[in-house]
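Encoded as structure tokens, the structure appears first; notes follow it.
The values are calculated or read from the model by the stated rules, or taken from the named source; none is laboratory data. The shown structure was predicted, so the numbers you read here are calculated from the model rather than taken from an experiment. Using ideal geometry, Cβ is built from the backbone for each residue, glycine included, and neighbour counts are taken over all protein chains shown.
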Amino acid sequence: MDMAAPDISAESFGLTPHAQLEAGTPVLDADEGEELAKRFDYISLVLGDNLNMGQGSLYITTRRIIWVGGTEKSYAADFQHINMHAISTDQSAFQRPCIYMQMEPSTSGFAGDEADTDDLENEETPEVRLVPSDASALEDLFQVLCDCAALNPDPGQEGDDEDAEFFYDEEEVLAGADDGSRAAMLDHYDSLLQMPRADDLDELVAEDPERFDDAEEEAGEEDGHPNNVPHPTRPEQ
Amino acid sequence: MLFYSYFKTLVGKQVTVELKNDLAITGTLHSVDQYLNIKLNNVHVVNEQKYPHMMSVRNCFIRGSVVRYVQLPPGSVDVELLHDATRREARG
């Protein structure tokens, strides 16, 4: 039953109708590096609670999901517009195990990328379900969706900064270092903060007997650091 | 990326993630990535009336950019460590 696709409702569910097809297969944007991650067959697409679009094939790419239910019936959604997805198995919520998704409400089609997401709270959250005929495919479907969603952070999001790669390692973050040289600098500062042993101090003073002559006058002017150093006993001349 | 490092220490703990659409989901933190995408297991929904369908969900992937708040388990918040780390981050 290949009814004319109700495109307007699909858009209100955060989906873009009419994906570009070639011989029944979505045309990917290879120039932009888009690749097919995995194809799942016998997937029903359900908009909202019960608007069943029929059974088709789901193509999960590195950028979006594309569901193809016939030559005139295909829908796509960029991962940047899939706010969450989950495995749902409770049949009191939906009669079959499925992937439940919440979509970014489309404000003005998909040109609305820059829309303030804080406006979300005043909008209905579109819900879309992917229902495999074989429920055992759910785990795999979920995992591929996770993997590909992770490839598509929002532009300008925290972590997308150019220097973010320096922060991946937990130890580095805890050390406050964003690159190797800063870590080395911090180590250096740390070593400077060590108190000299009494012997070292005597040695230093012996090299320059007048070294600490004016320490008391300057103590107040030098951020108090000299106070950290025990006042040396003046060695015998 | 302080939050990323911090959230990684919460893996396996129970957290509540509040989305910008007011959905609040409690579950066991399975993983978090550098974009603060969050995966939860053993999920249940705090505000069931608003999102009845989410009651049935087991595993869930939440896009980092739609997270408003993450409620932390009080026992897992080392205030001293966080204080120090935030200061260092601010300085850096």
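Looking at A:L21, A:L120, which is the one that is at pLDDT below 95 and over 21 Å from B:N21 (Cα atoms)? Steps first, please.
On the way: A:L120 fails: over 21 Å from B:N21 (Cα atoms).
Selected residue: A:L21, the only one of A:L21, A:L120 that is at pLDDT below 95 and over 21 Å from B:N21 (Cα atoms).
In segment A:42-80, which residues are surrounded by fewer than 23 Cβ atoms within 10 Å (Cβ to Cβ) and under 25 Å from the mean Cα position of the chain (by Cα)?
A:Y59, A:I60, A:T61, A:T62, A:R63, A:R64, A:A76, A:D78, A:F79, A:Q80
Which ones in segment A:25-47 are farther than 14 Å from A:R129 by Cβ and in a strand (DSSP E or B)?
Within segment A:25-47, the first condition is being farther than 14 Å from A:R129 by Cβ, and the residues that meet it are A:25-39, A:41-42.
Result: A:T25, A:P26, A:L36, A:A37, A:K38, A:R39, A:D41, A:Y42.
Could you list, in sequence order, all residues of segment A:30-79 that are at pLDDT below 95 and among the charged types (D, E, K, R)?
A:D31, A:E32, A:D49, A:E72, A:K73
Free of Cβ contacts under 8 Å to residues at least 24 places away in the same chain, of a type outside the set (F, W, Y), over 24 Å from A:P155 (Cβ atoms) and buried (at least 18 other Cβ atoms within 10 Å of the Cβ): which single residue out of B:V15, B:V79, B:V45, B:V11 fits that description? Give the steps one after another, and end with the answer.
Details: B:V15 fails: free of Cβ contacts under 8 Å to residues at least 24 places away in the same chain; B:V79 fails: buried (at least 18 other Cβ atoms within 10 Å of the Cβ); B:V11 fails: buried (at least 18 other Cβ atoms within 10 Å of the Cβ).
Among B:V15, B:V79, B:V45, B:V11, only B:V45 is free of Cβ contacts under 8 Å to residues at least 24 places away in the same chain, of a type outside the set (F, W, Y), over 24 Å from A:P155 (Cβ atoms) and buried (at least 18 other Cβ atoms within 10 Å of the Cβ).
Restricting attention to segment A:75-93, report how many residues are touching a residue at least 60 places away in the same chain (Cβ under 8 Å) and not β-branched (V, I, T). Working first, answer last.
Going residue by residue through segment A:75-93, those that are touching a residue at least 60 places away in the same chain (Cβ under 8 Å) are A:75-82, A:85.
Subsequent filtering for residues that are not β-branched (V, I, T) retains A:75-81, A:85.
Of the residues in that region, 8 qualify.
This table checks each residue for (1) assigned to a loop (DSSP other than H, G, I, E, B); (2) modelled with pLDDT of 90 or more; (3) more than 7 Å from chain B (Cβ to nearest Cβ).
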residue	(1), (2), (3)
A:I87	no, yes, no
A:T125	yes, no, no
A:Q143	no, yes, yes
A:V173	no, no, no
A:M185	no, no, yes
